[in-house]
Amino acid sequence: MALHLVPRGILYLEAVAAAGSIQAASREIGISASAIDRQIVLLEERLGVQLFERQTGGMALSPAGEMFLVLARRWRADERRIWTDVKQMQGSEVGHVRLAAMDSMVNGVVPRILTAAFERFPKMQLDVEIMSPDGVAAALTDGVVDLALAFNVRANRDLHILWNETLPLGCVVAPGHPLAGKADTTLKDATGYAIALQSHALAIRRILEARHGWMFSEGGPPVATNSLQLVKHLAAAGSHVAITSELDAAPEILDGRLVFVPVSDRTASPQSIALVISTRRSLPRLSRMVGEIVERIVVDLLDEVRRARQGAR
């Protein structure tokens with residue numbers, strides 16, 4: 001039997017919350033429904049609150065239950081951290097690291113990070129959670145992830161930036177596009193062509209609207225989507241101009257499908273990419289070493305893209 005440092009009642013609450021009912025949780029984790037129910041009732045009696053609202057179709061967390069679920073996740077994160085630290089104290093480079101990354105990185109920097117991390121630590125478990133920049137702070141402070149590689153994150157009392165890099169704003173276009181041969185361009189020139197932009201779900205769209213609202217005064221861009229992959233596909237097809245960073249388009253720039261043209265507007269604020277941790281939680285040694293790998297891979301990829309751009313001129 002596996003040894004858990006997290007109390008059974010909290011494990012069972014987490015299982016029921018995920019499954020939606022005691023019976024479903026019982027089938028999922030292989031514990032009798034009566035044992036699960038008994039532990040949850042015991043928790044409710046000790047706390048003096050209802051953790052679940054019993055409904056005809058199953059069980060839904062009450063407001064108190066939602067708070068307890070956050071505790072369960074933090075407790076589980078602490079459990080993983082303890083096991084990782086113990087293994088490393090024994091001289092074993094094994095453990096569990098959880099990294100948050102953005103969707104735009106899935107076909108670019110993330111595969112490189114995974115390759116390098118597993119070459120260095122082949123016995124490690126590495127989870128990659130794909131999320132939006134808006135979800136990074138909560139994921140770190142709640143212990144859902146250990147590290148986050150995210151755009152446009154600002155340090156505060158809960159978040160500490162281990163490393164960051166400025167990413168100039170630019171247009172990405174197909175090699176045959178009229179903008180492709182220019183050393184730089186302006187947003188006004190770019191909007192002379194069909195624009196594909198990210199939707200409000202992504203920070204770059206909100207930044208553009210806040211600083212360059214005139215771009216949207218006549219009905220907005222022809223295409224708006226929360227999929228950077230679609231934006232890049234339209235740009236590579238030659239039908240649209242995409243406004244993004246060179247890191248977002250790194251694979252396509254390196255294989256020649258896209259050309260990055262910097263935006264020269266003085267008011268065009270650059271983006272940033274950062275490796276971020278929570279100030280509320282200690283970072284295990286293995287996570288720190290994986291963080292160093294992440295930083296090195298991103299820096300190397302940006303250098304490679306910038307050298308390729310210089311060589312193409």
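Every read-out reported here was derived from the displayed coordinates using simple, explicitly stated rules and does not represent laboratory data. What you see is a predicted model, and the numbers here were worked out from it, not measured in a lab. As a convention, Cβ positions derive from the backbone with ideal geometry for all residues, glycine included, and neighbour counts pool all protein chains shown.
Only the Cβ atoms of Lys and Arg (+1) and of Asp and Glu (-1) were treated as charged; on that basis the dipole of the chain about its Cα centre amounts to roughly 380 debye. Each residue of region 172-186 was assigned a 3J(HN,Hα) from its phi angle through the Karplus expression (A = 6.51, B = -1.76, C = 1.60, θ = phi - 60°), giving 10, 9, 5, x, x, 6, x, 7, 5, x, 8, 6, 7, 8, 10 Hz with x at Gly and Pro. Placing unit charges on the Cβ atoms of the charged side chains and taking the dipole of region 169-269 about its Cα centre, the candidate lying farthest along the positive direction among 180, 198, 237 is 198. Per-residue 3J(HN,Hα) values for region 32-44, derived from phi via the Karplus relation 6.51 cos²θ - 1.76 cosθ + 1.60 with θ = phi - 60°, read 4, 4, 5, 5, 5, 4, 4, 5, 5, 4, 4, 4, 5 Hz in sequence order (x marks Gly and Pro). The fewest-to-most ranking of 191, 267 by surrounding Cβ atoms within 10 Å reads 267, 191. Annotation: amide H of residue 264 within the under-5 Å range of 185, 186, 187, sequence separation 5 or more or interchain, hydrogens built in the peptide plane.
With bins 10 Å wide beginning at 0, the percent of Cα pairs of region 169-269 falling in each bin runs 17, 56, 27, 1. One entry in [x] 22.0; [y] 19.1; [z] 19.6 is Kirkwood radius over Cα pairs in Å calculated from the shown coordinates; its label is [x].
Here's how it looks for residue 152: its modeled amide H is under 5 Å from those of 272, 273, 274, which are all 5 or more places away or on a different chain.
Neighbour counts of other Cβ atoms within 10 Å put 225, 56, 244 in the fewest-to-most order 56, 225, 244. Each residue of region 210-215 is assigned a 3J(HN,Hα), and the resulting list reads 5, 9, 9, x, 4, 5 Hz, derived from the Karplus form 6.51 cos²θ - 1.76 cosθ + 1.60 (θ = phi - 60°), x at Gly and Pro. For the chain, adding -39500 (n - 2.57) for each run of n ≥ 4 DSSP H residues and dividing by the number of residues yields -13500 deg cm²/dmol at 222 nm.
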